[in-house]
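A.B. asks: Could you have a look at this structure, given as structure tokens, before my questions?
The values are calculated or read from the model by the stated rules, or taken from the named source; none is laboratory data. Keep in mind that this is a model prediction, so the values were computed, not measured. Don't worry about glycine lacking a Cβ; one is built from the backbone with ideal geometry, like all the others, and counts go over all protein chains shown.
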Amino acid sequence: MVIREGKGVMSFVHLDDAAAATVLALDRDGPVIYHVTDDEPAPMCDWVPG
């Protein structure tokens, strides 16, 4: 069921991108917070079955 015409958005991260981000993070010193996400979120109406 798509709520409110599916106008919400959802970000996805490909497994390869998550792995690459992890490798880059392991090369950094000290505690750091990273936010890894899609820069082009998909509208719910495009990927949720209606």
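A.B. asks: For residues in the range 1-16 being out of contact with any strand residue (DSSP E or B) (no Cβ under 8 Å at 6 or more places or on another chain) and of a type in the set (A, V, I, L, M, F, W, C), which is modelled with the lowest pLDDT?
C.D. replies: Across the range 1-16, the extreme among qualifying residues is 1.
A.B. asks: Count, please, the residues in the range 7-50 that happen to be under 13 Å from the mean Cα position of the chain (by Cα) and in a loop (DSSP other than H, G, I, E, B).
C.D. replies: 12
A.B. asks: Could you list, in sequence order, all residues of the range 11-50 that are touching an Asp or Glu at 6+ places or on another chain (Cβ under 9 Å) and not hydrophobic (A, V, I, L, M, F, W, C)?
C.D. replies: Once the filter is applied, which keeps residues that are touching an Asp or Glu at 6+ places or on another chain (Cβ under 9 Å) and not hydrophobic (A, V, I, L, M, F, W, C), the range 11-50 yields 11, 14, 17, 38.
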